[in-house]
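We did not get these values from a lab; they are worked out from the coordinates using the rules stated. On a predicted model such as this, the values are computed, not experimentally measured, just so you know. Cβ placement follows ideal geometry from the backbone for every residue including glycine, while neighbour counts extend to all protein chains displayed.
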Amino acid sequence: MDMSKIFLKGACPTPIGGQAVLEGVMMRGLERTAISVRLPDGRIHCKTRKNGASSKWMKLPLIRGVVSFVYSLVEGTKTLTYSADVLEYYMEDEEDDYEPGKIEAWMTEKLGSQGIWNLMIALSVIIALVFSIGIFILLPTAVIGWLKPFIGNAIVLNLIEGILRIIMFIVYIVLIARMEDIQRVFQYHGAEHKTIHCFENDLELTPANAQQFYTLHPRCGTSFLMFVMVISLILFSLLGWPSLLWRILSRLLLIPVVAGLSYELLKWAGRSDNWLVKLLSIPGLYLQKLTTRTPDDSQLEIAITSLKAVLVDPDTEYIEGIVDTDANLLEPLDIEAAKKEREEAEREERNA
């Protein structure tokens, strides 16, 4: 891993960030967010939307890390779900015999498309939080508790717990990376990083120019997760080794503190390139090697399209539909409205 290709000297750091989604990339700029998805027929569907007003809490150190974490989790889930909806809509166009299941039809009739959307987002966020906290926070401390009769040193027990937590997380990433769909998401993750590197180095946004950069980036959210793991290891080691109930409560109560410290560390790493930042960034960068793959040119095209869609004048109209690689709208299509129209037609057909 060549650090000089990650902390590029001539690069100008940008506040633009992104996220890989199903067959696509989301880019978030200062004014707007764009989500571009590659359709089965090769076309590109893109949607742009206005960013919400920045919360006053985002100006407070540490607190802004917690707010950002929750916001990223909710918005990330919405973005991922939207990309799935786009692919589902266009795939249904190719499947004339598609019939919704009984449960899907009943829920659509009772809740409507927007109601189902909101329910899915809420359940996804809750499940993600419960799974993450239960598996990676609470389970390790319960398991390592069995070692107390053999290891009397509280600091050692906490360190072993932290190391186990990191190992479990890495094993989890390695296992899901074997899935074909996840591998493609990781390729789009790499495309996102290469495209941002290309932009920050003031090069023309083309697949050829972007392809020369690493898939690793110092401000990646994956590095944030590794910072969380390392900071929690250090912080929990200072708490002693009380009963299981108190250990669980202490770890739950300190999650906001860990998230806040990790966010501040990530922001510092994103705007600095001294030796200490590089040293602290190494664990997160190695984790990124697991969560990114080298993209092909067509995947880079998608990331570039999303980036171009946010690099526009503030008064530019928001779009949704089929676009070209410069994010120019070719065929408008509101996915939510189109899905409602289709559902109403299907409902009338069933009732006929």
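Of the listed pairs 50/289; 5/50; 78/308; 47/339; 47/289, which have alpha-carbon separations greater than 23 Å here? Numbers along the way, then the final one.
Numbers: 50/289 32 Å; 5/50 33 Å; 78/308 21 Å; 47/339 15 Å; 47/289 29 Å.
Cα-Cα > 23 Å for 50/289; 5/50; 47/289; rest within.
Which FRET efficiency value, to the nearest 0.05, do you get for residue 336 and residue 126 by plugging their Cβ-Cβ distance into 1/(1 + (r/R0)^6) with R0 = 25 Å?
After rounding, the FRET efficiency stands at 0.65.
Could you work out which residue, out of 337, 177, 84, moves most in a Gaussian network model of the chain, that is, has the largest mean-square fluctuation with Cα springs under 10 Å?
Largest GNM mean-square fluctuation: 337.
Where the centre of each part is set by its Cα atoms, how far does segment 298-319 sit from segment 199-261, in angstrom?
28
Can you list the residues of segment 309-352 with backbone N under 17 Å from a point 7 Å past the Cα of residue 49, pointing along Cα to Cβ?
Answer for this model: 309-310, 317-322, 333-340.
For a distance above 30 Å, tell me the whole-number percent of Cα pairs in the chain that qualify.
44
Would you be so kind as to identify which of 36, 198, 244 lies farthest towards the positive end of the dipole of the chain, taking Lys and Arg as +1 and Asp and Glu as -1 on Cβ and the Cα centre as origin?
244
Scanning the chain for helices, which whole DSSP H stretches are 15 Å or more long along the axis (Cα) and average 0.0 or more by Kyte-Doolittle?
Going by DSSP H runs, the hits are 63-93, 102-133, 154-176, 221-236, 244-271, 275-291, 297-310.
Tell me, in nm to one decimal, what length is gained between residue 175 and residue 147 on full extension, where the rule is 0.36 nm per residue of separation less the Cα-Cα distance? Can you show the working numbers first?
Details: separation 28, 0.36 × 28 = 10.08 nm, distance 2.70 nm.
Between residue 175 and residue 147, full extension yields 7.4 nm more.
Which is the longest part of the chain that has none of the trypsin sites (Lys or Arg not before Pro) sitting in a DSSP loop with at most 12 other Cβ atoms within 10 Å?
Within the chain, the longest run free of exposed trypsin sites (Lys or Arg not before Pro) spans 179-352.
Over the chain, what is the relative contact order in percent, taking alpha-carbon pairs closer than 8 angstrom and at least six residues apart? Show your work: numbers first, answer last.
Details: 457 pairs, mean separation 100.3, N = 352.
Reported as a whole number, the value is 28 percent.
Positive end of the dipole of segment 269-332, charges at C-beta (+1 Lys, Arg; -1 Asp, Glu), about the Cα centre: which of 307, 280, 322 has its Cα farthest in that direction?
Most positive-ward Cα: 280.
Quick check on the chain: helices-only [θ] at 222 nm, where DSSP H runs of length 4 and up contribute -39,500 (n - 2.57) each and the sum goes over total residues. Nearest 500, please.
Mean residue ellipticity, 222 nm, calculated: -20500 deg cm²/dmol.
Each label point is 7 Å from the Cα along the Cα-to-Cβ direction; what then is the distance between the points at residue 81 and residue 60, in nm?
In this crude spin-label approximation the distance works out to 2.8 nm.
Go ahead and run the numbers for FRET between residue 5 and residue 249, Cβ-Cβ distance against an R0 of 51 Å, rounding to 0.05. Mind showing how you got there, number by number?
Working: r = 44 Å, r/R0 = 0.86.
Taking R0 as 51 Å, the efficiency between residue 5 and residue 249 is 0.70.
For segment 167-253, compute Rg over Rh where Rg is the Cα radius of gyration and Rh is the Kirkwood radius from the inverse mean 1/r over Cα pairs.
So for segment 167-253, dividing Rg by the Kirkwood Rh gives 1.17.
Counting other Cβ atoms within 10 Å, keep those with at most 11, restrict to DSSP loop, and tell me which chymotrypsin sites (Phe, Trp or Tyr not before Pro) in segment 149-213 are left.
Counting only loop positions with at most 11 other Cβ atoms within 10 Å, the chymotrypsin sites (Phe, Trp or Tyr not before Pro) in segment 149-213 are 150.
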